[in-house]
Structure formats: structure tokens, C-alpha cells
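Structure record follows, encoded as C-alpha cells.
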Amino acid sequence: MFVRVKKIGGYEYLYLVENVREGGRHVQRVIKALGRRDEVEASNLLDGLIASAARHSRRSIVLSSFYRGELAEIRRRSIGPDLVFGHLWRETGCQAVLHRHLAGRRFGFDAERAIYLTVLHRLMVSGSDRHASTWQQTLDIPGAEDLMLNHAYKAMAWLGEAIEGEDSGQARHCTDAIEEALYEHRKSLFGAISVAFFDTTSIYFEGAGGAMLGRTGHSKDFRPQLNQVVLGIVLDEQDRPIASFLWPGNTADVTTLLPVVERLRRRSAFSTKSYASAV
């Protein structure tokens, strides 16, 4: 059933029409002549008819209310990423370790949630902290509802803060202490491990990025003209990360192994001198 417009003379007329089957064919049958179009529109006859019919259609009621501005804005929020990675975040000890290290710090916001948001963003879509701040509006992340871009910047700055060094005089940062605490959180009953795997890769910068550690060097991404950094990671026999390292982009892989082994020895992470390298 529908409204058909028919022009007669200089005017247009509206008819309520239905499709019916007569004699083996479809025909249109006029149910009611509604009148001249200009007069019908001026009398609000159609609006009243539609409103009356809408009371018997759930979809029409919702759409009509939406177009009249009577419904709140409809927003879709995803819960999947947090359901999966939020569980892993807690099980690996990341949340508990960060809470311990953040105790006593008065940021004025939940820094652990800000760090979790940046990690979740990199796992799902990757990109900058600025993009993560916009991306979070599409997700339901408990405790992250009020986080803003400057909160992410402050949390990242805290991770890079220098802390009191070891006897060797080498600089240490919050990330070093967090990595060590995570290892202690999940180490086996007998503590130290006997075998670890070490590998490196390069990460390049677009534009003017990499002002501090960025250097040109052997690019594994085939971008030798761009500044890069060398990223190293140590895994245990179960492929769980133990420690990570960051060097200037012109660092040769062969020069990184012994410093990494020495650092792990100082941590007492190994019970023997058995090491495996994939450099």
C-alpha cells in the first residue's frame, strides 16, 4: 500500500493505492482519493495518518522519535578487545605490578588505565597516542572513560623516567624496574631460568621522528634513508618476554649480545651460563 501522485489539469492529486492480483495479473486499486496535493499538505492530513499508523509499528515509532530529536544519540561501543586482553593484562601481572610502582604517585588520573589503553590500542590498530585518544571513544574500557590525550603523554613520560642506577653506574628507567617486577611475578618455583632467546629488529621513523636515538643504519624494513632505532627482546623457553632493549639505529647486532647477557646476569635471571641467541 502506498500514496500515488496523479496530475490532472494544473493540479496534482493524491491517492491511497494498493497492489492486488486480479485475473492472474497485478493491478493498482485506489482505496481512497485523498484530495488535491497542496490542500492535503496544508491540512496535515498525511502527518496525522502517518502518526496514527505509526502507533502500530515499532520500527516507525523509533524512527519517528529519532527524526523528531526525541531519542538520545545512538553510539556503538565495542567490548571485545577489553574482554580478551583485559584478562591477559591481569593474568600476566601487568596491572598489579603497575599499581605497585604507581603507589604514592599523585597523577590526578588512573595512570595504569592510561598505559593499558595505549597497549590495547597498539595491539588492535597501532598508531600514535593521539589516535588512541580518539579510538578509545569507540570502546568500552572500564576505568578509562575520562582519560584524555595529556594523560597518555604523562603516563608515557613516567615510564621513561630515570631511577636510581645500579652499582655499575648504568642508567635505569621505570621500564627496567617494571620488567624485573614482571619477571619476579611469574617466575617458576625454582626462580632463575637456564635458556633464553634474544633477537633484534629495526623500527623506522617517518618525517622528522627519531630526534634522540634515531640514526640511519642497516634497515631490515628496506628504508635505509630514514632514521631508525634497534629494538631487542629476550624471551624465555616458553616465549614469554623477559626484557627489552632500545639502541640507536646505527648499532650493529653483534655488539648487543654481550651487554644483554651481562645485564641479565646482574639481575640474577639465570642459574647457569646457557644462552641462545637468534641475532
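The values are calculated or read from the model by the stated rules, or taken from the named source; none is laboratory data. Here the structure is a predicted model, which is why all the values come from computation and not from measurement. Backbone-built Cβ (ideal geometry, glycine too); neighbour counts: all protein chains shown. These area figures cover heavy atoms from the full protein model, side chains too; ligands, DNA and RNA do not enter into them. Shrake-Rupley method; radii C 1.70, N 1.55, O 1.52, S 1.80 Å.
Things worth noting here:
- A Cβ-based charge dipole, computed about the Cα centre of the chain with Lys and Arg at +1 and Asp and Glu at -1, lands at about 1320 debye.
- Acute angle (nearest 10 degrees) that the helix 58-67 long axis makes with the longest principal axis of the chain, alpha-carbon atoms: 80
- Qualifying trypsin sites (Lys or Arg not before Pro) for the stretch 85-174 [loop in DSSP, other Cβ within 10 Å: at most 15]: R105, R106
- Highest-MSF residue in the chain out of Q225, Q136, Q28 [GNM, Cα springs under 10 Å]: Q28
- Using alpha-carbon coordinates, inclination of helix 174-186 to the longest axis of the chain, degrees: 90
- This structure gives log10 I(q)/I(0) by the Debye sum over Cα atoms at q = 0.11 Å⁻¹, computed directly, and of (1) -0.57; (2) -0.70; (3) -0.78 that value is listed as (3).
- The chain, accessible surface, carbon-and-sulfur percent (1.4 angstrom probe): 55
- Sparse-neighbourhood loop sites, chymotrypsin sites (Phe, Trp or Tyr not before Pro) in the stretch 84-177 - DSSP loop, at most 13 other Cβ within 10 angstrom: F107
- Calculated FRET value between F222 and A171, using beta carbons and R₀ = 35 Å, to 0.05: 0.60
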